[in-house]
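Student: Below are the structure tokens for one structure; questions will follow.
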């Protein structure tokens, strides 16, 4: 099937958006469209310039036999400031305050569009860091961690508060909760995270920092 340039660009744009931070071999598009590598490179350049112009992210190309193209989503300053202002307004709503000084956040955590934006903001802040996995604490932080991991193309590791037989061999640590001052336990499956890994810890909120210190 013969594709027009406009059709190729639409397909490649969609593919890159659905595969962020993944090195896509240029040969994939060459074979897909049965076009010369030079033509595909020109298509990529058009997409690259458009993404920069519309502040959608950055496209990088890698030369060589194992080279290809990578789309790195980026949230620019203006959009980030608007998102932070919106989050601050939502968190300051009087009806969110719960007994004990907690905030009701289930509606925010359950909003996939909002979480996607927050995930993109966090990912942008750590995009240039060498990170092997996104780590979170069960359970409310999982959705946010997944949003960040989806942008950064990294696995999610969940630290649990109790031992599950399905986790296999585990390591655990006891710590003092920063808010309740009670002894709590964190459990991590040995298979989920290689020793020496660099991780980004993501959670839904931090009150006194007990979990973070224990991590």
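Student: For the chain, what is the mean residue ellipticity at 222 nm derived from helices alone (per DSSP H run of n ≥ 4: -39500 (n - 2.57); sum divided by total residues; nearest 500 deg cm²/dmol)?
Tutor: Helices in the chain give a 222 nm mean residue ellipticity of -13000 deg cm²/dmol.
Student: Indicate, rounded to the nearest 5 percent, the antiparallel portion of the DSSP beta bridges found entirely in the chain.
Tutor: Details: 18 of 25 bridges.
Roughly 70 percent of the DSSP beta bridges within the chain come out antiparallel.
Student: Only counting other Cβ atoms within 10 Å, I'd like 72, 191, 96 sorted with the fewest neighbours first.
Tutor: Sorted ascending by nearby Cβ count, the order is 191, 96, 72.
Student: Provide the packing ranking of 82-95, 14-27, 132-145, i.e. peptides ordered by the mean count of other C-beta atoms within 10 Å per residue, highest first.
Tutor: Values: 82-95: 11.1, 14-27: 14.9, 132-145: 20.0.
By packing density, highest mean first, the sequence is 132-145, 14-27, 82-95.
Student: Then there's this: Cα centroid distance between the range 1-28 and the range 48-118, in Å?
Tutor: Here the answer is 23 Å between Cα centres.
Student: Quick one: 75, 186, fewest Cβ neighbours within 10 Å first, how do they rank? Could the numbers behind the result be given before it?
Tutor: Working: 75 24, 186 19.
Going from least to most buried by this count: 186, 75.
Student: How would the range 1-130 be classified by its alpha-carbon gyration tensor: rounded, prolate or oblate, with rounded meaning a/c under 1.5 and the a/b versus b/c comparison settling the rest? Provide the component values of the computation, followed by the final result.
Tutor: On the way: a/c = 3.07, a/b = 2.80, b/c = 1.10.
It is prolate, given that a/c is not under 1.5 and a/b is the larger ratio.
Student: Working out 0.36 nm times the residue gap between residue 129 and residue 182, then minus their Cα-Cα distance, what length gain in nm do you get to one decimal? Walk me through the intermediate numbers first.
Tutor: Numbers: separation 53, 0.36 × 53 = 19.08 nm, distance 3.41 nm.
Taking residue 129 through residue 182 to full extension adds about 15.7 nm, to one decimal.
Student: Can you classify the range 77-214 as rounded, prolate or oblate using the Cα gyration tensor, where a ≥ b ≥ c are the square roots of its eigenvalues, rounded means a/c under 1.5, and otherwise it's prolate if a/b beats b/c and oblate if not?
Tutor: Working: a/c = 2.11, a/b = 1.23, b/c = 1.71.
Oblate, since a/c reaches 1.5 and b/c is not below a/b.
Student: Above 20 Å lies some portion of the pair distances; for the range 5-73, what is it as a whole percent of all C-alpha pairs?
Tutor: Numbers: 399 of 2346 pairs.
In whole percent, the share of Cα-Cα pairs in the range 5-73 beyond 20 Å is 17.
Every number in this text was worked out from the coordinates using simple rules, so none of it is lab data. No experiment lies behind these values; they were computed from the predicted model shown. Every residue, glycine among them, receives a Cβ derived from its backbone with ideal geometry; neighbour counts consider all protein chains shown.
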